[in-house]
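The values are calculated or read from the model by the stated rules, or taken from the named source; none is laboratory data. Since this is a predicted model, take the numbers as computed values, not measurements. Only protein heavy atoms, including side chains, enter the accessible area calculation; ligands, DNA and RNA are left aside. Shrake-Rupley method; radii C 1.70, N 1.55, O 1.52, S 1.80 Å.
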Amino acid sequence: MKNKFVILPIIVFFNFLALNSQQIPKQEETLKHMLLANNYFMVKYPDPCQPTFVQTLRPSNIWTRAVYFEGLMAFHAIYPQKEFYDYALKWAEFHKWGLDKGTVTRHADNQCCGQTYIDLYNICPDDPNKIKDIKLSIDMMVNTPQNDDWWWVDAIQMSMPVFAKLGRLTGEQSYYDKMWDLYSFTRNRHGDKGLYNRKDGLWYRDKRFAPPYKEPNGRDCYWSRGNGWAYAALARVMNLIPRKDKHYKDYLKDFLQMSKAIKLCQREDGFWNVSLHDPGNFGGKEGTGTALFVYGLAWGIRNGILDRDEYLPMTLKAWNALVKDCMHPNGALGYMQGRSNSPKAGQPLTYDCIHEPEDFAVGCFLLAASEIYKLK
């Protein structure tokens, strides 16, 4: 009979141990990892104005470098350093605060740099020319009827936060309204039934990967980083728009549904596979999607949107895996999928294979770390 009375406390004790087996890292530890990764990048690429190599040489204000600067600005927000600001400012001034393909571009990849231009303007709002070109490009979209510009899931992260940032900066509802029009078209209408599968809570990369396309195991194809882009974008947008905005609850619903889906397909080692529903199709550790999931998960926990007991252990497991398995002693990051649009692209992924360009991988890592740093 005696044993009967100790079973429940023992179970509770072991549940407590399991929940707390992954402790939130000390801020100085997270900061050390951020400094290491960022210093590696800035030493390797001392001139941010130099072209970036994406199959061929391209201007450095394209999306790959812009995502790095998203991460750098998130880093700067928690650890403001003159060298970070000067590095970003030099990049923006070299490009004359402009967009690849100019103000008439509707392509989200070309607008991604606007996220950092707006951040820099908010730090020092001395000259409206800093945001003139990105505002002209986005205003053109606001004032024209088409809503089918975001035909691939990456576009949601590249451009959607720009609309949210301009809406917050100007107080104009039209930015939020157009942002929803573009997002909902991609979500519900692009291709046949939209790129978001409500049943699974995950996104197809583009219409080529929607059914009848299947992975080798017969399941739908959900690319890790593509879903990471969407998940991070939802967090970034909800962090900016008013909670009373008429579509805040719609974004929140998608974020919560995605969170459940992400939890179900996390690997035992903390990573996510490049193919979320087919671990046999180039299965293995992948850091960029994992970092973007960590960013969104930690943001959701920190803001009371995700249940802490349910989501904190998996978030910390993923973060610890990134630091332990991806980070080299010099700050380089392995297991990061290179420029790609599907599970098979940008392979192979190994600890020692550092894909060019690596700028966006560092940006994803810094975004993740910035939210881990804020956890308490």
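Observations
- Across the cross-link table entries 32/324; 135/207; 132/165; 101/135, which are compared at the Cα atoms, the separations over 18 Å belong to 135/207.
- Cα-based helix-to-principal-axis angle, 308-321 vs the chain, degrees rounded to 10: 70 degrees
- Whole-Hz couplings from phi, Karplus 6.51/-1.76/1.60, listed for segment 176-193; x for Gly and Pro: 5, 5, 5, 4, 5, 4, 5, 5, 5, 5, 4, 5, 10, 10, 4, x, 9, 10
- Helical contribution to [θ] at 222 nm, DSSP H n ≥ 4, -39,500 (n - 2.57), averaged over the chain, rounded to 500: -17000 deg cm²/dmol
- Dimensions in Å of segment 145-191 - Rg and Dmax from alpha carbons: 10.5, 33
- Global form of segment 48-122, assessed from the alpha-carbon gyration tensor, a/c cut-off 1.5: prolate
- Reachable aspartates and glutamates from residue 244, criterion Cα separation under 16 angstrom, eight or more residues apart if same chain: 172, 177
- Carbon plus sulfur fraction of accessible area for segment 39-374, probe 1.4 Å, in percent: 51 percent
- Alpha-carbon Rg with Dmax, taken over segment 222-376, Å: 14.9, 47
- Based on C-alpha pairs under 8 angstrom that are at least 6 apart in sequence, the chain has a relative contact order of 20 percent.
- Residue-wise HN-Hα coupling along segment 362-375, computed from phi with Karplus coefficients 6.51, -1.76, 1.60 (Hz; x: Gly, Pro): 5, x, 4, 5, 5, 4, 4, 4, 4, 7, 4, 4, 7, 5
- Inverting the pair-averaged 1/r between distinct Cα atoms of the chain gives 21.1 Å as its Kirkwood hydrodynamic radius.
- Residues whose amide H falls under 5 Å from that of residue 202, counting only those 5 or more places apart or on a different chain, are 197, with hydrogens built in the peptide plane.
- Degrees, to the nearest 10: 224-238 long Cα axis against longest axis of the chain: 70 degrees
- Between segment 296-311 and segment 219-270, the alpha-carbon center distance in angstrom: 12 Å
- Reachable aspartates and glutamates from residue 90, criterion Cα separation under 19 angstrom, eight or more residues apart if same chain: 47, 70, 100, 119, 126, 127, 133, 359
- Å² per residue, accessible surface of the chain at 1.4 Å: 43 Å²
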